[in-house]
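What follows draws every value from the coordinates through simple rules; no lab data is involved. This structure is a prediction, so every number in the text was calculated from the model and none was measured. Cβ placement follows ideal geometry from the backbone for every residue including glycine, while neighbour counts extend to all protein chains displayed.
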Amino acid sequence: MTTWIIAGVLFLALLFFPRYGLIALWRRWRELHRKELVEDALKHLLDRQQEGRHGSAESIGGALSLGAARVMQLVARMETQKLLETRGHELHLTPDGERWALHIARAHRLWERYLADEARMPLERIHGEAHRREHTLNEAELDKLDAALGFPLSDPHGDPIPDRDGQIQREQGIELTAWQAEGPARIVHLEDEPALAYAQILACGLRLGQTVRLLEKTPERYILSDGENEYRLAPAVAANVHVIPLARKARVAPGVIPLDKLKHGQKAEIIILDEGVQGFTRRRFLDLGLTPGTLVYPELRNSFGEPRAYRVRGTLIALRNNQASQIWVKPVD
């Protein structure tokens, strides 16, 4: 009898212990799951808003794989939290909802940047892992991750990363299937959904920032070339590749050159770090003072050509040519 009483007491303790009992753990899991659903819905509505479309209960259900009843409960909860407004069949983010959605988008894209550059995770796996991690950081922790990565501007797919104030520097690309120009183009975005199309893009060797020309366009295939290799894509896959005219960069910033092309003793203002500079390399450049607006000039010659010494903020630093070529500057008098 005593054994049964002890077992009963232990069982009740296991169930009802305030912080670590099964019921307390289940309630925390349920609240966390509800929070993640809200954040996933907010991110979906933000994506629709940035595409110039409005979200709806049906679009949330499709994106989150939820039935109609659960979607209605989710929408009602978000309205109570003043995160969205319903206007007919359309769902609109409130200012509070948009701020929260931008926080989640920033977290997701920073995690993707970290997983690709520092963890060296295969690109086809980073989206799912970033989705699992995006719900875990508060704003202060996100600021630390952003700083550790050197304040990157875009994720590995080319999507812009919002800054801590929610500002986005977006570079609008054109789907390859809508591309009409004959000149070279630069790849600025690789859509990672559906996953099968993204896997085919990676398998054929296309990458962000690559310069390509469209050689052939038929209802059956698209053929691209980077001058050395050819890439063949089905139209459905080509639609996930977004490009801009190569000349657009020059029109936006006339007179800008890579730092390694700067003449000896000539001063220049740093305009931007190349988008290919990410992770700890980007952070090292920033720590050395190589930030936009800073004056820099080559000071010491090297008979071997490199590394080359540059004067930055009163300090001499040595950079190899391949490093300096990733720093874009504008010569000044």
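Values for this structure:
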{"read-out": "For the chain, calculated [θ]222 nm from helices alone, where every DSSP H run of n ≥ 4 adds -39500 (n - 2.57)", "value": "-13000 deg cm²/dmol"}
{"read-out": "Ser225-Glu51 pseudo-label distance in nm [points 7 Å out on the Cα-to-Cβ vector]", "value": "3.4"}
{"read-out": "Rounded FRET efficiency, nearest 0.05, which uses the C-beta distance separating Ala63 from Glu129 and R0 of 22 Å", "value": "0.70"}
{"read-out": "Lysines whose Cα lies under 21 Å from that of Lys330, excluding same-chain neighbours fewer than 8 positions away", "value": "Lys249, Lys261, Lys263, Lys267"}
{"read-out": "Proximal aspartates and glutamates to Lys35, defined as alpha-carbon separation beneath 19 angstrom and excluding residues fewer than eight positions away on the same chain", "value": "Asp47, Glu79, Glu85, Asp96, Glu98, Glu129, Glu134, Glu139, Glu141"}
{"read-out": "Residues His33 and Ser325, FRET efficiency given R0 of 56 Å [Cβ-Cβ distance, rounded to 0.05]", "value": "0.70"}
{"read-out": "Histogram of C-alpha separations across segment 38-100, 5 Å bin width, %", "value": "4, 21, 35, 29, 10, 1"}
{"read-out": "Gain on full stretching of the segment that runs from Ala318 to Cys204 - 0.36 nm per residue minus C-alpha separation", "value": "37.4 nm"}
{"read-out": "Segment 174-249 - Debye-derived log10 I(q)/I(0), Cα point model, q = 0.15 Å⁻¹", "value": "-0.42"}
{"read-out": "Neighbour-count ranking [beta-carbon atoms within 10 angstrom, fewest first] of Asp40, Asp163, Asp287", "value": "Asp287, Asp163, Asp40"}
{"read-out": "Radius, Kirkwood style, for the chain when every pair of distinct Cα atoms is counted (Å)", "value": "23.3"}
{"read-out": "Chain lengthening between Thr80 and Thr281 when straightened (0.36 nm per residue, less Cα-Cα)", "value": "67.9 nm"}
{"read-out": "Which of Tyr297, Tyr310 has the fewest Cβ neighbours within 10 Å, and the rest in rising order", "value": "Tyr297, Tyr310"}
{"read-out": "Shape of segment 122-274, Cα gyration tensor, a/c cut at 1.5", "value": "oblate"}
